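S.K.: First the structure, then my questions, so here it is.
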Amino acid sequence: MPSYPKHLKTGSECPPLKENQLRLYSMHFCPYAQRAKLVLAAKNIPYEEINIDLVDKPEWYLKKNAPGQVPGLEWIDHDSKESKFIPESLIVS
């Protein structure tokens, strides 16, 4: 599970999304992101973790997820080759 340990913030570049890899947008101390990580681990689903600074959110993250909350899941759809995103509210419900 590759990850970006530093929290990305305003002015940071969005790391390129790899095909066939799930990406989890998180924050180190977010209990909702921890729940998502537990489920991914229990299901043995490989993922890349990107930490977001929730006080100083990157512009690109707000374009993907207007409320700017974590966790968020992103992947590339195999059929359309477009990036898909599931916001926090659907992950933790």
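The values are calculated or read from the model by the stated rules, or taken from the named source; none is laboratory data. In this text the structure is predicted, and so the values were computed from the model without any measurement. Here the Cβ is made from the backbone with ideal geometry for all residues, glycine too, and neighbour counts use every protein chain on show.
S.K.: Name the one entry in Tyr25, Tyr47 that is closer than 13 Å to Glu74 by Cα and touching a Lys or Arg at 6+ places or on another chain (Cβ under 7 Å). Talk me through it step by step, then tell me what you get.
M.R.: Working: Tyr25 fails: touching a Lys or Arg at 6+ places or on another chain (Cβ under 7 Å).
Tyr47 is the lone residue from the list that is closer than 13 Å to Glu74 by Cα and touching a Lys or Arg at 6+ places or on another chain (Cβ under 7 Å).
S.K.: OK, next. For the range 23-54, how many residues meet the condition of being of a type in the set (S, T, N, Q) and more than 24 Å from Ser12 (Cα to Cα)?
M.R.: 1
S.K.: Do any strands (runs of 3 or more DSSP E) entirely within the range 1-67 hold 3 or more residues that are modelled with pLDDT under 95 and farther than 16 Å from Ile86 by Cα, and if so, which? Write out each step before concluding.
M.R.: Values: elements: 3-8, 22-26, 47-52.
Filter on the range 1-67 gives 3-8.
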